[in-house]
Amino acid sequence: MKRRLSLSVLFSLVLAAMVFPPVTQAKDIVVGTSVALTGKYARTGQEQLQGFQMWVDEVNARGGLLGQKVKLVHYDDESKPETGAKLYEKLITDDKVDLLIGPYSSDVTMAASTVAEKHGMPMVSSGASASEIWERGYKNTFGLYTLAELYMDQILDLGKSKGLKKIALIYENTAFPRGVAAGVKDKAKKLGMQIVFEEEYGKASTDFSSMIIKIKARKPDMVIGGSYLPDSTAFMRQAKENRLYAKIFAFAVGPGLPDFGQNLGLDAEGVMGNTQWEPTLKLPGAKEFAEKYKAKYGHEPGYHAGGGYGAGYVLEAAVKKAGSTDPDKVRAALFALDTVNAFGRFKVDATGRQIGKPAYAVQWLAGERHIVLPVEAATAKVVYPFKDWGKR
Amino acid sequence: MPDGGRRFNSGWIGVVLVVLASLAPLGLNDYQQSFLLQVFLVIALAQAWNLISGMTGYVSFGHAAFFGVGAYAGALFLTWGFPWWLAVMKGAGIALLLAVPLGFLTLRLRGPYFAIAMLGLNEVGRIVATLWVDVTHGGTGLTLSPELLPSLDVKYFTMFALALGATLLVAGIHRSRFGLELRAIREDEEAAEMVGVNTTLNKVIAFVLSALIPGAVGAVYVMYTSYINPSSAFEHARNIEMIVVVLFGGSGTVWGPIIGAGTVMVLRELLWAQFPAAHLAALGVLLLVVVLYLPGGLISILRDRQRTRPDVLR
Amino acid sequence: MELLEPEILLQLLIGGLLAGALYALLACGLNLVFGVMRVINLAHAELMLMGAFGAYVLFTVFGLHPLVSLLLIVPAIFFVGYYLQRFLIERVVGRPMLTSLLATYGLSIILINLGLLLFSADFKSIPALQGSFLIDELAVSKPRVTAGLISLLLTVGVYLFLERTRLGKAIRAVSEHAQVAAICGIDVRRIRMLTFGMAAAMAGAAGVMLSVIYSFWPGSGVDFIQKCFAIIIIGGMGNFVGAFYGGILLGVVEAFVGGFASTQWAEAVAYLLLVTVLLIRPTGLKGVARA
């Protein structure tokens, strides 16, 4: 009996040894990332990964980076910040990757960037835009996206020009949507507009009916959502069920994606949103990327795919400039870089925050999304006001 | 039951494990060391659950509540400039302060009512963390700046000390009169009361001790992940894990949670990054198998089958 | 304040009643099982999601309207429940409460994660019923009205079945006193299988109703089962009618809290009610059972 207990302990130790396989030294340049492949951010996370994968294929076809092949290691963070943090810990200490690409969503990036910072690894973050991320004094997080705070500026300007006053503002209770909301509140104040309704909701919320009934009572001119895809879709669906009307409906993320139109059909008509990128923008290689992406994955790339692709090119430019994958050299190169690729301009300030890229507003028109603002980049004219549910 | 031979034997194994764990940081890389840290975390939590649920039979479905409270307390005190060890103590202290009234209130409940009440309390914790935005930042969560964090070695040894402390506490109680009284409550609470056991006080003491440990563990955990949000602090999977680990190893025993933690963690390590869903499904299957076919846990196979086992969960 | 306008109160009330009817259908099934075999089925909400995903698959693959799939899903899940009882739950009936709690807990973990493997963690929804009925100025959501009324109908149907039919009376007899029922010649084992099958079918129907209103994913069950706990604690464990009223009550309270406070508070109501009721009345408001 004594022996049995000892044996069981020995057995556990052997099992433990299986967990620690010998480390092999790879010759490739290994890039690590975690993306949401499941959970709330899955749809957008997948696009980002696919965009990035296209860069990996292209750079290897061109003979690799610094003469070495680029290899991608990726995991699914389930849209959860805590899983993201664990995975970046694993990427850095276990997989020993050379370079890091950030996860999707500001939420997961807040957690993952702390791990990267702890290990002094620079991280090119293609899927995050809440300015909170760059207000913590970190030196290793490099943003690609226009800041969340600026997302709704053009739409608010439009509202102002039409004489609108009352705004209903709703947002998820996490980093990015709060960033969008902070930007809206700031801008509305400057424009002399009034927030007549404001409410946060939880990450898993799918029922907005009580909220909509309240919003209806305040009769807002504009309804603005700091949202992602599932919540903006559910909100519009329930807005129709409850006959909520406003002259402008605008949401973050959701309307910038093809799925928004697919899920809502005609109900998407006239809804505004914003985008970081569209294939129609006059950028070097944007059109080619969009064509290749469609050929490979069977659907148009959204801006998250463009971001993933752009992140690859930023990484490539930085490594070439640094001449190695040494974290300190890559970091210095990223700070100094000012480059334009298919996704747009990349230039960061001293905190790593993106300052080179403008914001674009989109609108769903006749089943397609078009850039409507700024006018220089527009592919269609803004349709105003939103058509009432009864008149469709 | 007193059994000098076995105690002597398991004592030796214990000493060997302690020495190995103390020397481990010398030979392991960061990731492997982090893995062991997580094993200690699970052992400490499992022992805490074992203390209340394994010994008294009051099954808690929400002990992660104390973990979450400790994690938030640890994160907050660290950001407010307290040294890490004080933050850990605050985490444990706040869990303890909450556990006293909660213990008196919830332990009046029997069977499923207690289990459900604890489950509800865990959710209440999550709600408070979500809605108390001024302090917790709500759903955004708290990130700890790297310069605030103690080194991996510090966290490793703190977690190790917690696991060891929790185990010794359970072992000590196991042999004491207090432990005997707790088991009497498990067997038949009314009868225990009739023979003069102060059941309420005993239960509350066990409950408070079992809340203190997750409180401290939570605070160390947040220093390890450097991030906490309401859903990760009050994660339901953590409750599942505590229960499965204890039952799998052997409920109400000293070694059960350790054997359970070792096995479950290795299984998890092999699966989680690649198959997060498969790993939890496997835990569910384990739980079913143990409940239906192996009520005494793994440890009951290892032991002499002829020996009566009064210390095993019915 | 404009919130006190009758029109808004009426809309909140209607929304609450409709949501409550769905909760009631789900909670009544849970309580039925508890009444007959003193087992709290922690996997009840996963049976519900089985219904929701069943409707999703039938809709996406065959284009079946959820109201049509309801006719297929209810009997299918009845059999799932029937055989679950036969091969799993039957083993834990009569054993300590902990054993059945843990066994159904294990079952729920397995089902959730099988769901994740099959359907991933993405939110799914079925865009089959959309828009609203307009009664004067009042807009009432079509999917909610449909789901609410069908849920109500089913719950009342099951109630009448229990009250009026021979089989229903046998179920109630077992619920009240299993040994006496057995002496009277009732096949208790078979009654338990039928009961569990029926409760599962109710959960499955609730799942189909859920699928036309909300978006859902394999982990959605956790919120629902905890709401059910709150409901059966309020309504009394094992009490079918109590669970019905409890469900309606929770739906209405949630709607009003959502209206007067916020959606985040509405999501917290069930837990706060649950804990408060338990701490004030240790055996629930109308508790019948002591473990």
Expected-Rg normalisation [2.2 N^0.38 Å, Cα atoms] applied to region B:28-235: 1.04
Size of the A/B contact, given as accessible area buried on both chains, probe 1.4 Å, in Å²: 3700 Å²
Total charge dipole magnitude, chain C, about the Cα centre, Cβ charges on Lys, Arg, Asp, Glu only, Debye to nearest 20: 1420 debye
Kirkwood Rh and Cα Rg combined as Rg over Rh, evaluated for region A:51-138: 0.99
Positions from region A:48-80 whose accessible area shrinks by 10 Å² or more when the full protein complex is built, not the chain alone, probe 1.4 Å: A:Tyr75, A:Asp76, A:Glu78, A:Lys80
Cβ neighbours within 10 Å from other chains - mean over B:279-289: 5
Accessible heavy-atom area order of B:Leu182, B:Leu102, C:Leu67, highest first, probe of 1.4 Å: C:Leu67, B:Leu102, B:Leu182
Binned Cα-Cα distance frequencies in region B:23-148 - 10 Å width, integer %: 12, 34, 34, 17, 3
For the protein assembly as shown, radius of gyration divided by Kirkwood radius, i.e. Rg to Rh on alpha-carbons: 0.97
Amide hydrogen neighbours beyond the local backbone of A:Ser34, cut-off 5 Å, H modeled: A:Tyr75
Distance (nanometres) between label positions extended 7 Å along Cα→Cβ at C:Leu149 and A:Arg218: 3.4 nm
Protein heavy-atom accessible area occluded, A/C pair - total, 1.4 Å probe, Å²: 2600 Å²
C:Asp223 versus B:Trp80: modelled label distance in nm, points set 7 Å from Cα along the beta carbon direction: 3.3 nm
Most mobile of C:Pro75, C:Pro66, C:Pro96 in a GNM of chain C (Cα contacts under 10 Å): C:Pro96
Percent carbon-and-sulfur accessible area, region C:2-280, ignoring ligands, DNA and RNA, probe 1.4 Å: 68 percent
Computed [θ] at 222 nm, helices only, for the protein assembly as shown once each DSSP H run of length n ≥ 4 contributes -39500 (n - 2.57): -20000 deg cm²/dmol
Magnitude of the charge dipole, the protein assembly as shown, Cβ model with Lys/Arg +1 and Asp/Glu -1, debye to 20: 1500 debye
Net charge of neighbours whose Cβ lies under 12 Å from the Cβ of A:Ser34, counting Lys and Arg as +1 and Asp and Glu as -1: -3
Cα centroid separation, region A:140-155 to region B:65-144 (Å): 34 Å
Accessible surface, region C:83-142, averaged per residue in Å² (probe 1.4 Å): 43 Å²
Calculated on alpha-carbon atoms, Rg and Dmax of region C:2-280 in Å: 18.6, 62
Percent accessible area from carbon and sulfur atoms, chain A, protein chains only, probe 1.4 Å: 55 percent
Measure of compaction for region C:160-271 (Cα Rg per 2.2 N^0.38 Å): 1.30
Convex hull volume per residue in cubic angstrom - Cα atoms of region A:254-392: 125 Å³
Environment charge at C:Ala261 (Cβ cut-off 13 Å; Lys +1, Arg +1, Asp -1, Glu -1): -3
Whole-percent pair-distance distribution, where bins are 20 Å wide, for the alpha carbons of chain A: 28, 52, 16, 3, 0
Solvent exposure of region B:28-235 as accessible area per residue, Å², 1.4 Å probe: 31 Å²
Residues in region C:218-267 that, when all protein chains are in place, have 30 Å² or more less accessible area than the chain alone would give (probe 1.4 Å): C:Gln226, C:Phe229, C:Met237, C:Thr263, C:Gln264, C:Trp265, C:Glu267
Carbon + sulfur, % of accessible area of chain B - ligands and nucleic acids excluded, 1.4 Å: 69 percent
Buried area at the C-B interface (accessible, heavy atoms, 1.4 Å probe, summed, Å²): 3600 Å²
Rounded, prolate or oblate (a/c below 1.5 giving rounded, otherwise prolate when a/b exceeds b/c) for region B:113-209 by Cα gyration tensor: oblate
Drop in accessible area of at least 50 Å² in the complex versus isolated chain, residues of region B:9-27, 1.4 Å probe: B:Asn9, B:Ile13
Protein-only accessible surface order, largest first, of C:Tyr245, A:Tyr41 at 1.4 Å: C:Tyr245, A:Tyr41
Cα shape, region C:4-122, gyration tensor, a/c 1.5 rule: oblate
Surrounding net charge for C:Phe229, when Lys and Arg each add one and Asp and Glu each subtract one, Cβ distance under 13 Å: -1
Span from the region C:3-33 Cα centroid across to the region A:310-347 one, whole angstrom: 56 Å
A:Lys292 - accessible surface, heavy atoms, 1.4 Å probe, Å² rounded to 10: 90 Å²
Theoretical gain in end-to-end length, A:Glu300 to A:Lys160 [0.36 nm per residue, Cα-Cα removed]: 47.1 nm
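The values are calculated or read from the model by the stated rules, or taken from the named source; none is laboratory data. Everything quoted here is computed from the prediction, not taken from an experiment. Neighbour counts run over all protein chains shown; Cβ positions are idealised from the backbone, glycine included. What goes into the accessible areas is simple: the full protein's heavy atoms, side chains included, and nothing from ligands, DNA or RNA. Shrake-Rupley method; radii C 1.70, N 1.55, O 1.52, S 1.80 Å.
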